[in-house]
Ligand code: TMP
């Protein structure tokens, strides 16, 4: 049986991840592998309920951090780890880097506490469970704001000012500095075809696609 593979997708709101996640799922399925597409917060019935609270209800940053990690624990237990154990590919729209970027960077919440929560939820006998690859769609927050404006009714995060997203982007940059090998940083301000070409290149470079 092939080894399971865990790929996550990150970036500020408006960075344009979605079509590429779907495209990559198709490309990987075409190689005969079983692909599970999922997202955070969410991915299980319980985690989707927590998502609804996190995205829509006012709360302090610690409550936000606790809820996203509670959702993550359930998601890992119920869906991600069983799929990886079966040798499947798991593509997840956001994971812990989003917590460090949004709650840590955006909200300014204590990174030490986030590290502690990450250890509680992701420590495994072999070490910290982390994605095999994180594709980071890096986009200037000003451009992201233009893309998002008027598209639909914004949720709690999408409604934040550009300065919030500057801090979120900085949070992602810090995460990449700490774990450079795991990240593929994609310039998301390019035309869609060029972004897609870079996504494919990152996955092929690691031998995850022929
Ligand atoms: P999305 O699924 O539409 O990208 O929205 C999820 C939102 O939740 C997005 O604005 C980022 C935010 N979020 C956090 O604040 N912390 C987290 O840990 C995760 C996974 C997402």
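Just so it is clear, none of the values below were taken in a lab; they were calculated from the coordinates. Because the structure is predicted, anything quoted here is derived from the model rather than measured.
Taking Cα centroids, how far is region 152-210 from region 111-145 in Å?
12
Taking every DSSP beta bridge that has both residues in the chain, what percent is antiparallel when rounded to the nearest 5?
Among the beta bridges of the chain, antiparallel pairing accounts for roughly 10 percent.
Let me make sure I get this right: for region 62-151, a, b and c are the square roots of the gyration tensor eigenvalues over alpha carbons, sorted descending. Under 1.5 in a/c it's rounded, otherwise prolate if a/b > b/c, else oblate. Which is it?
Oblate, since a/c reaches 1.5 and b/c is not below a/b.
I need the Kirkwood Rh of region 149-210: take the reciprocal of the average 1/r across all distinct C-alpha pairs and report it in angstrom.
Details: mean 1/r = 0.0709 Å⁻¹.
Evaluated over region 149-210, this radius sits at 14.1 Å.
Using only the Cα atoms of region 5-205, build the gyration tensor, take square roots of its eigenvalues as a ≥ b ≥ c, and label the shape rounded, prolate or oblate: rounded if a/c is under 1.5, else prolate if a/b is larger than b/c, else oblate.
Values: a/c = 1.44, a/b = 1.05, b/c = 1.37.
Rounded.
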